[in-house]
Amino acid sequence: MDKIEIPYGEKQKQIEKPENSRVLLPIDMPPLPNPRAEMARKLKHPTGSPSLREICMGKESIVIVINDITRPSPTDLFVEEMLKEIEKAGITDDQVTLVVALGNHRPNTEEELKRMVGEKVYSRVKIINHDCYDEKNLVHLGFTKRGLPIIVNRYVAEASVRILTGIITPHQSAGYSGGRKSIMPGVAGIEALTKHHSFPIRSYHPILGQMIDNPFHDEALEAAKRVGVDFILNVVKNSKKEIVSVVAGDLEQAHAEGVSICDKSWKVKVDRYYDIVITSPGGYPKDFDLHQAQKALSAAEVVTKKGGVIILVAECRDGVGKYAKWLVEASDPQEVIDTFERVGFTPDHSSKAFMLARALKNHHVILVDPQIDPALVEDMFFIYASTLEEALNKGYHIMGDAAETLFIPHAIDCIPEVNLQ
């Protein structure tokens, strides 16, 4: 019988492929032979904008927004290649600042920052962890048409040149990450984050890959355009974490180019809803904690029968996240959903609790060997399993031995589309 490997942290969990099961994988594109060379080329020949060197000529200050440790971005390559072009434009290191787009995540440690950008870059330029609560370093730039306050990091708002970096992947609320998300929510103030992450801007259901008629995307884009983004540098990766494409240039045009590549790779059709779905974010850092790993549940929700079983394989080495009490103190998942509808996003990530509660309300959700106290797992309405085999046996106990089973080993890189024809 074939073995299936499911990413877990920096390792894999293996299990024999059951009968009556399918493995759903994205269509992996081949990796670039030399990603660094492609980045260098794109900086000189971007999409819809002048070259980075031309943009930086004669400017006083450059801000590069980078992803935090939870995103698998090649930040070291991004910054090293951009600094080469910026230097050729006559800009010195003391004119460059890196701002970590944390949203309201915890600050990255010094060791994490060194790992992200590399020792050389860390010693060359100033690096700042964005703080969404630091009023003195936030700037209010008005409101979007829907009334979202545009409050962003002062270093970003006041820079002569603003550059965004990141990775374009499916996103359960924004459709796709990358591009404008580095501004909203990446370097936004807590007041803006609160409104952006609440209803009606946030969709109730997962909308992976959906950019049209998506207020979450629309508001982020309008905010980024108001702030003024001069250049973006984003990558697309395959499920093996290899860079398959680099896009650079205009905020909208370059991002749209990356999205079109993702659509071809990650949108995968299925012809039914499944009884049991085994899902994984794709390993570290995507399963850094349960906050990040939750994203794999969104892909599973799309293809799991109501009342079915979702098995989440995620290491969660950094624990749960800020929102545990929302689940622990509730009487059932519906109470979490009702409370979120009433109060909206809160700094302790009620929105993440809502998305977990949505999955828990409609499905039995089993966590496989998370680095979380099993008692806490159960208090949050999940089912705990110490091994993948134990989890699958529990799934069959709930759904029956003939249950149809689907594996999604790289769920964050996969957009299932159900076609019941």
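Filter the GluC sites (Glu not before Pro) in the range 128-197 to those in DSSP coil with at most 15 other Cβ atoms within 10 Å of their Cβ, and list the result. Loop-located and lightly packed - E158. Its residue count N sets the reference 2.2 N^0.38 Å, and the alpha-carbon radius of gyration of the range 224-317 equals 1.34 times that reference. As a rough guide to protection, the peptides 170-177, 306-313, 256-263 ranked by mean Cβ packing within 10 Å, highest first, stand as 170-177, 306-313, 256-263. Among T194, T97, the sequence by solvent-accessible area, most first, with a 1.4 Å probe is T194, T97.
So how much slack lies between H45 and Q334, counting 0.36 nm per residue of separation and subtracting their Cα-Cα distance, in nm? Extra length available between H45 and Q334 comes to 98.9 nm.
Computed over the chain, the per-residue total of -39500 (n - 2.57) for DSSP H runs of n ≥ 4 gives a 222 nm mean residue ellipticity of -10000 deg cm²/dmol, rounded to 500. For the chain, a crude dipole built from +1 on the beta carbon of Lys and Arg and -1 on the beta carbon of Asp and Glu, taken about the Cα centre, is about 960 debye to the nearest 20.
By accessible area, using a 1.4 Å probe on protein heavy atoms only, the range 128-257 has 51% of its surface on carbon and sulfur. Rolling a 1.4 angstrom probe over the range 340-421 with all protein chains present gives an accessible area of which 49% lies on carbon and sulfur atoms. Find the relative contact order for the range 350-421 and round it to a whole percent, using C-alpha pairs within less than 8 Å whose residues are 6+ positions apart. Relative CO of the range 350-421 lands at 21 percent. For the chain, the solvent-accessible area works out to 39 Å² per residue, with a probe of 1.4 Å and every protein chain left in place.
Here is the list for the range 131-215: trypsin sites (Lys or Arg not before Pro) lying in DSSP coil, each with at most 13 other C-beta atoms within 10 angstrom of its C-beta, are K145, R146.
For the range 253-382, a crude dipole built from +1 on the beta carbon of Lys and Arg and -1 on the beta carbon of Asp and Glu, taken about the Cα centre, is about 540 debye to the nearest 20.
Per the Debye formula on identical point scatterers at the alpha carbon atoms of the range 77-140, with no solvent, log10 I(q)/I(0) at q = 0.17, 0.24 Å⁻¹ is -0.67, -1.06.
Can you match Cα Rg over 2.2 N^0.38 Å to one of these, (1) 1.50; (2) 1.22; (3) 0.97, based on a calculation from the structure here? This structure yields the entry labelled (3). Sorted into 5 angstrom bins from 0, the C-alpha pair distances of the range 47-106 split as 4, 17, 26, 21, 17, 11, 5, 0 percent.
For a test of the definition: using alpha carbon positions, the gyration tensor, and the 1.5 limit on a/c, classify the range 45-188 as rounded, prolate or oblate. Since a/c stays below 1.5, the shape of the range 45-188 is classed as rounded.
With the convex hull of its Cα atoms as the shape, the range 237-392 has an orientation-averaged projected area of 10.8 nm². If one puts a single equal scatterer on every Cα of the range 122-226 and applies the Debye formula without solvent, what log₁₀ I(q)/I(0) results at q = 0.14, 0.21, 0.23 Å⁻¹? Result of the Debye calculation: -0.53, -1.11, -1.28.
Sorted from greatest to least, the principal axis extents spanned by the alpha carbons of the range 308-358 come out as 32, 28, 16 Å. For K120, the aspartates and glutamates whose Cα falls under 20 Å of its own Cα, not counting residues fewer than eight places away in the same chain, are D68, D76, E80, E81, E85, E87, D93, D94, E110, E111, E112. Ranked by solvent-accessible area (1.4 Å probe, protein heavy atoms only, all chains present), the residues K120, K17 order from largest to smallest as K120, K17. Counting only protein heavy atoms and a probe of 1.4 Å, the accessible surface of the range 18-127 is 52% carbon and sulfur. Each residue, H140 and K240, gets one label point 7 Å from its Cα in the Cβ direction; the gap between the two is 5.2 nm.
Would you mind checking the range 13-53 for residues with the amide N under 14 Å from a putative spin-label position 7 Å along Cα→C-beta of K120? Flagged as within label range: 36-37. A dipole drawn for the range 24-93 from +1 and -1 charges on Cβ atoms has a positive end, and of H45, C56, L32 the residue lying farthest that way is H45.
Put a plus charge on the Cβ of each Lys and Arg, a minus charge on the Cβ of each Asp and Glu, and nothing anywhere else: the dipole of the range 328-421 about its Cα centre is then about 240 debye. With 24 Å as the limit, the listed pairs K305/K394; K17/K322; K145/K267; K3/K361; K11/K240 have K17/K322; K145/K267; K3/K361 beyond it between alpha carbons.
The values are calculated or read from the model by the stated rules, or taken from the named source; none is laboratory data. All of these numbers come straight from a predicted model, not from anything done at the bench. All Cβ positions, even for glycine, are placed from backbone atoms using ideal geometry, and neighbour counts span all protein chains on display. Accessible surface areas use protein heavy atoms only, side chains included; no ligands, DNA or RNA. Shrake-Rupley method; radii C 1.70, N 1.55, O 1.52, S 1.80 Å.
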